[in-house]
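Okay, structure first, notes after.
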Amino acid sequence: MRLTPFIFFVVLFTSNLAFGQSGYYEDAYRFSHVKPAGSSRVMAIGGTQWSLGGDVSNIAGNPAGLGFFRTSEASISLGYSDWKVNTNYLNQQKSYNTTNFNLPNLSYVMANPKEGLSRGAFKGGAFGISIQRIANFNTEYGFFSDQLGNTSIIDFYLQDANGIRESQIESFGLTGLAYSTYQINPVFFDEDGNVINDPSTYDSFVTGFPFQDENIRQEGSSNQISFSYGANFNHKVFVGGSLGIRNLNFTSIKTYNEEFPDGPLINSSLTERLYINGSGINLNLGLIYKPIDYLNLGFTFQTPTWYALNEEYEASMYANYDNYEYEPEDIVLGEVDALSDYILGSYNLNTPLKIGAGATFFLGKNGFISADVDFVDYSNSTIKSRDFDEGPDNQVISTLYTSTLNYRLGAEVRLDVLRLRGGYAFYGDPIANSDFDRSTNQISGGVGAKFNKFTIDMALISQKANGLYSSYQVLDGQNNNIGPVTELENRIFTGMLTLGFSF
């Protein structure tokens, strides 16, 4: 199991909350927060796709839309993303940029429509298969301060160590490493001067506040292979279903440093390395209904994704002392380091289900306006494992997260073979009872051209979301966190090019 009691991943901090001990609740949101993706056409109109049929994005979006295909189609999308993070800690700003080239979508649709005036309600359908990138984890952020902080990570170690016997503390995660590097030490005598055998209280000879800095680098992605079928009934009702198989890999390397101007601890450093990989499966059911020729109404139901995940974790700690004489052990401290065990673990994650609805109004042959809305309750995620007690994390999931209502709006204008597109999307704040707004706003646009057997589409997408990052937690008398909190401003710019071939 992971050793990261309170060293948080990102954005998910609120006060007045007893956080879980292991940090797996972060995975529940990190791997559940999936925005609709697809072709450049769909991304240019804000990701709107629940009621829009006849696009390869239907394979992983609303599979009922495959029933609109009259010819087979293959497409490939190329993508570029630039993730910029502006951070603010103690009114000190720092900027980070991470770029990434990727293959966001590769799709094939095999259409099998019934020809002419065929009898019966069933008018044929289409099979589809796609490989789609559904999440990008490549980013870097952190902070650097030339001002003294208000707390030290040693304060966290002291609070975390309270009540743990000295005979057991070395195996107690990061706090055990702090003990091994003499940043916290047991209290051997009571108030009357009597020796305490196997003490369970700790203090530190390190005084004053430090300069602090931290760097977090993350890599990885999540992809889904979808197998779908959509059927057409009387050109009025379209139904479909799909099976999605997901795989993901995620790497995180964090380095946190403190520097004390007055000693006896000159500086210290903590490095954590985490790698997660695994796979999952989900089902998707869809319906599109045409009450009149110019209107589509769409509905989707996406089951939870049932993940089986594996993790690898290790942590190292370094402390550099100014030849400090530690009398209880009669040693002089200089450079001291400690390394955790290399930890292997596995666990299951069930993400929340998603319910979506949409409508598309066609402006004759001049284009369309489309809108989507979907509901996701992140507090319904669950974690199960035989390697650790998942109870605290599941409790945090149900308390920390909440439901969100997400909506998207897009339009396309047709000018002969040319297509002009624009869209907007909003994704709600997943944190319950918070005064800080973590919602995501997305603006997109694009152009395309459709020829006899060939289409080319381009899209530009700009996303903005704010967050908070807490390096560690120190609670005051009112149970509020007074540890360092860094404000994050995330701006993600994405460019896409999709080439489509009909046959």
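The values are calculated or read from the model by the stated rules, or taken from the named source; none is laboratory data. Since the model is a prediction, treat every value here as computed from it, not as a measurement. Counting neighbours? That spans all protein chains shown, and the Cβs are built from the backbone with ideal geometry, glycine included.
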Query raised in the report: Could you list, in sequence order, the residues of the range 423-463 that are under 24 Å from THR486 (Cα atoms) and of a type in the set (D, E, K, R)?
Result: ASP429, ASP435, ASP437, ARG438
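Look at GLU258 and say whether it is buried (at least 17 other Cβ atoms within 10 Å of the Cβ), under 21 Å from SER145 (Cα atoms), among the charged types (D, E, K, R) and in contact with a Ser or Thr (Cβ under 8 Å, 6 or more places away or on another chain).
Taking the combined requirement at face value, the residue satisfies it.
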Report summary line: Of the conditions (1) in contact (Cβ under 8 Å) with a residue 24 or more places away in the chain; (2) farther than 18 Å from ASP82 by Cα; (3) out of contact with any Asp or Glu (no Cβ under 9 Å at 6 or more places or on another chain), the single one that GLY477 does not satisfy is (1)
Query raised in the report: Somewhere in the range 168-182, is a residue in contact with a helix residue (DSSP H, G or I) (Cβ under 8 Å, 6 or more places away or on another chain), crowded, with 20+ Cβ neighbours inside 10 Å and of a type in the set (Phe, Trp, Tyr)?
Result: yes
Report task. Note down all Cβ pairs under 7 Å where the first residue falls in the range 112-125 and is part of a loop (DSSP other than H, G, I, E, B) and modelled with pLDDT of 85 or more, the second is exposed (fewer than 13 other Cβ atoms within 10 Å of the Cβ) and of a type outside the set (Ser, Thr, Tyr), and they're at least six residues apart or on different chains. Result -> ALA121/ASN234
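One line per residue, one yes/no per condition, for (1) part of a helix (DSSP H, G or I); (2) at positive phi; (3) not acidic (Asp, Glu):
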{"residue": "THR399", "(1), (2), (3)": "yes, no, yes"}
{"residue": "TYR407", "(1), (2), (3)": "no, no, yes"}
{"residue": "GLY410", "(1), (2), (3)": "no, no, yes"}
{"residue": "ARG414", "(1), (2), (3)": "no, no, yes"}
{"residue": "ALA425", "(1), (2), (3)": "no, no, yes"}
{"residue": "ASN433", "(1), (2), (3)": "no, yes, yes"}
Query raised in the report: Does PHE31 meet the test of being in contact (Cβ under 8 Å) with a residue 24 or more places away in the chain and within 30 Å of SER398 (Cβ to Cβ)?
Result: yes
**Report entry** Selection count where residues are touching a Gly at 6+ places or on another chain (Cβ under 9 Å) and in contact (Cβ under 8 Å) with a residue 60 or more places away in the chain, scope the range 374-384
**Finding:** 2
Requested in this report: For residues that are assigned to a strand (DSSP E or B) and surrounded by fewer than 23 Cβ atoms within 10 Å (Cβ to Cβ), tally how many sit in the range 227-243.
Outcome: 8
Query raised in the report: Taking interchain pairs and intrachain pairs at least six residues apart, which have beta carbon atoms under 8 angstrom, with the first residue in the range 211-233 and more than 16 Å from ALA37 (Cα to Cα) and the second buried (at least 17 other Cβ atoms within 10 Å of the Cβ) and acidic (Asp, Glu)?
Result: PHE211/GLU258; GLN212/GLU258
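Could you count how many residues in the range 464-503 are closer than 30 Å to VAL413 by Cβ, over 26 Å from the mean Cα position of the chain (by Cα) and among the polar types (S, T, N, Q)?
The number of residues fulfilling the criteria is 1.
Okay, residues lined up against (1) of a type in the set (D, E, K, R); (2) modelled with pLDDT under 95; (3) more than 22 Å from the chain's Cα centre (by Cα):
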{"site": "PRO328", "(1), (2), (3)": "no, yes, yes"}
{"site": "SER340", "(1), (2), (3)": "no, yes, yes"}
{"site": "LYS354", "(1), (2), (3)": "yes, no, no"}
{"site": "THR360", "(1), (2), (3)": "no, no, yes"}
{"site": "TYR378", "(1), (2), (3)": "no, no, no"}
Query raised in the report: Has the range 175-191 got at least one residue that is in contact with a His (Cβ under 9 Å, 6 or more places away or on another chain) and not hydroxyl-bearing (Ser, Thr, Tyr)?
Result: no
Query raised in the report: Just checking, how many residues over the range 197-238 are aliphatic (A, V, I, L, M) and either under 16 Å from LEU285 (Cβ atoms) or in contact with a helix residue (DSSP H, G or I) (Cβ under 8 Å, 6 or more places away or on another chain) (or both)?
Result: 3
Query raised in the report: Taking the range 335-362 on its own, how many of its residues are more than 23 Å from LEU174 (Cα to Cα) and without any contact (Cβ under 8 Å) to a residue 60 or more places away in the chain?
Result: 5
Report task. Answer yes if at least one residue in the range 255-264 is closer than 24 Å to GLY79 by Cβ and either in a strand (DSSP E or B) or among the small types (Gly, Ala, Ser) (or both), and no otherwise. Result -> no
Report summary line: Every listed condition ((1) under 30 Å from LEU287 (Cβ atoms); (2) buried (at least 21 other Cβ atoms within 10 Å of the Cβ); (3) of a type outside the set (D, E, K, R)) holds for VAL85 save (1)
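More than 20 Å from TYR157 (Cα to Cα), buried (at least 21 other Cβ atoms within 10 Å of the Cβ) and among the charged types (D, E, K, R): does that describe ARG217?
Considered against the rule, which asks whether it is more than 20 Å from TYR157 (Cα to Cα), buried (at least 21 other Cβ atoms within 10 Å of the Cβ) and among the charged types (D, E, K, R), ARG217 comes out as no.
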Query raised in the report: Can you name the condition, by its number, that TYR275 falls short on among (1) buried (at least 21 other Cβ atoms within 10 Å of the Cβ); (2) under 30 Å from ARG30 (Cβ atoms)?
Result: (1)
Query raised in the report: For the range 449-485, how many residues are of a type outside the set (Gly, Ala, Ser), modelled with pLDDT under 95 and more than 30 Å from SER72 (Cβ to Cβ)?
Result: 14
Query raised in the report: How many of the residues in the range 435-463 are within 19 Å of the chain's Cα centre (by Cα) and part of a strand (DSSP E or B)?
Result: 6
